[in-house]
Amino acid sequence: MENYYLCPQCRGHLRVGENIVFKVRNTYREKGLLLLHPEVGNYSSIIHPRFHFEGGERIDFFCPLCMSSLDASLTESLVHVIMVDPDGKEHEVYFSQVDGEKITYKLSSKEVMIKGGHSYRYAHFTISDKQSPQMQN
């Protein structure tokens, strides 16, 4: 069994086959679908050839099922989804919504995994005594 991904608002399944599916919008307010590789730290993506992003552009991510924004409430410029591993454990996954930034955080109850060469641009996540993720300045 593989990891699967859920929308934090509607808990709908976002993974189809070998991709996680998102509705996205660029700064020109053009809309499209973006397919991301499901492996944490793999930044491979697929978009329609006529739909593009400018380097460094902030991309708006939405659930393709309920259309809710996937902006992280912890900080700007991060997307939030839920990953469920093969053991049924849930992990909070945050990744950059800025084109070209390679940043991913996977938080579980006792550890924080950080992937991507641009992770230094954001505060680091910590796990509090209550086991909930928090931002550390």
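The values are calculated or read from the model by the stated rules, or taken from the named source; none is laboratory data. As the structure is a prediction and not an experimental result, all values here were calculated from the model. Here the Cβ is made from the backbone with ideal geometry for all residues, glycine too, and neighbour counts use every protein chain on show.
Please go through segment 43-65 and pick out each residue that is under 25 Å from Ser108 (Cβ atoms) and loosely packed, with under 13 Cβ neighbours inside 10 Å.
Of everything in segment 43-65, just one residue is under 25 Å from Ser108 (Cβ atoms) and loosely packed, with under 13 Cβ neighbours inside 10 Å, namely Ser44.
Answer yes or no: is there a residue in segment 68-78 that is within 12 Å of the chain's Cα centre (by Cα), at pLDDT 95 or above, over 21 Å from Lys110 (Cα atoms) and not charged (D, E, K, R).
Yes, segment 68-78 has at least one match.
For segment 77-91: of the residues being under 20 Å from Leu34 (Cα atoms) and not β-branched (Val, Ile, Thr), which is surrounded by the most Cβ atoms within 10 Å (Cβ to Cβ)?
Here the answer is Leu78.
May I ask you to list the residues in segment 6-21 that are in a loop (DSSP other than H, G, I, E, B) and touching a strand residue (DSSP E or B) at 6+ places or on another chain (Cβ under 6 Å)?
Scanning segment 6-21 gives Pro8, Leu14.
For Gln97, indicate whether it is at pLDDT 90 or above and more than 17 Å from His13 (Cα to Cα).
Judged against the criteria, Gln97 is a match.
Can you tell me which residue within segment 106-129, out of those that are modelled with pLDDT under 80, assigned to a strand (DSSP E or B) and of a type in the set (A, V, I, L, M, F, W, C), is farthest from Val93 (Cα to Cα)?
Out of the qualifying residues, it is Ile127.
Could you name every one of the strands (runs of 3 or more DSSP E) located completely within segment 26-87 that has at least 2 residues being touching a His at 6+ places or on another chain (Cβ under 7 Å) and farther than 27 Å from Val112 by Cβ?
It comes to none.
Which count do you get for residues in segment 1-56 that are of a type in the set (Asp, Glu) and more than 16 Å from the chain's Cα centre (by Cα)?
So the count comes out to 3.
Looking at (1) at pLDDT below 95; (2) of a type outside the set (S, T, N, Q); (3) surrounded by 16 or more Cβ atoms within 10 Å (Cβ to Cβ), which is the only condition Phe22 fails?
Of the numbered conditions (1) at pLDDT below 95; (2) of a type outside the set (S, T, N, Q); (3) surrounded by 16 or more Cβ atoms within 10 Å (Cβ to Cβ), the odd one out for Phe22 is (1).
May I ask you to list pairs of residues, at least six apart or on different chains, whose Cβ atoms are under 7 Å apart, with the first in segment 55-74 being without any contact (Cβ under 8 Å) to a residue 12 or more places away in the chain and the second being buried (at least 16 other Cβ atoms within 10 Å of the Cβ) and in a loop (DSSP other than H, G, I, E, B)?
Going by the 7 Å Cβ cut-off, there are no qualifying pairs.
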